[in-house]
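Heads up, the thing below is written out as structure tokens.
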Amino acid sequence: PRSRGLGDVYKRQLLYIAADTIGLASFTVTGTMVGLSDGEPESYIFPVVLGLLTAVGGGVLRDLMAQKIPVVLVMDVYATASIAGSIMICLCWRFGAMDLAPIIGALVVIILRVLAVQFKWQLYRPVK
């Protein structure tokens with residue numbers, strides 16, 4: 001049997017991050033679009049929160065079933081990317097670009113996650 005090198009571990013980790021990012025984007029879009037499905041809301045708080053909870057909740061369930069620490073507890077930009085994508089969807093919705101809203105929202109989530117992983121972005125943490 002061939003031993004696994006660092007390249008195999010890196011490829012598997014990269015595949016996991018890619019699948020996680022696509023899942024985060026798609027569940028963010030799904031939750032936000034369901035929140036917007038009744039038409040023009042008075043406030044966009046409900047669709048944004050629904051998009052965030054749908055995306056992050058799905059990731060937490062996945063991680064718990066895989067017996068891993070939930071990514072949202074380790075990587076700050078995870079939930080932030082979801083919120084940014086939801087806000088972009090709501091902005092597109094508000095200005096009449098309803099057909100483009102899911103695509104733009106998903107792209108925002110994916111781009112933010114890729115940049116956060118690539119450059120190891122973390123939100124501010126207070127010094128103890």
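Using a simple spin-label model with pseudo-atoms 7 Å out from Cα toward Cβ, Gln13 and Met98 lie 4.4 nm apart.
Probe radius 1.4 Å, ligands and nucleic acids ignored: give me the carbon and sulfur share of the accessible area of the chain as a rounded percent. The nonpolar share, carbon plus sulfur, comes to 71 percent. In the context of the full set of protein chains, residues of the chain present 67 Å² of accessible surface per residue (probe radius 1.4 Å, heavy atoms only).
Scanning the chain for DSSP H helices at least 30 Å long along the axis (C-alpha atoms) with a Kyte-Doolittle mean no lower than -1.0 picks out 6-36.
The values are calculated or read from the model by the stated rules, or taken from the named source; none is laboratory data. Note that the coordinates shown come from a computational prediction; the quantities given were computed from them, not determined experimentally. Glycine gets a Cβ as well: all are built from the backbone with ideal geometry, and neighbour counts include every protein chain shown. Heavy atoms of the whole protein, side chains included, go into the accessibility calculation; ligands, DNA and RNA do not. Shrake-Rupley method; radii C 1.70, N 1.55, O 1.52, S 1.80 Å.
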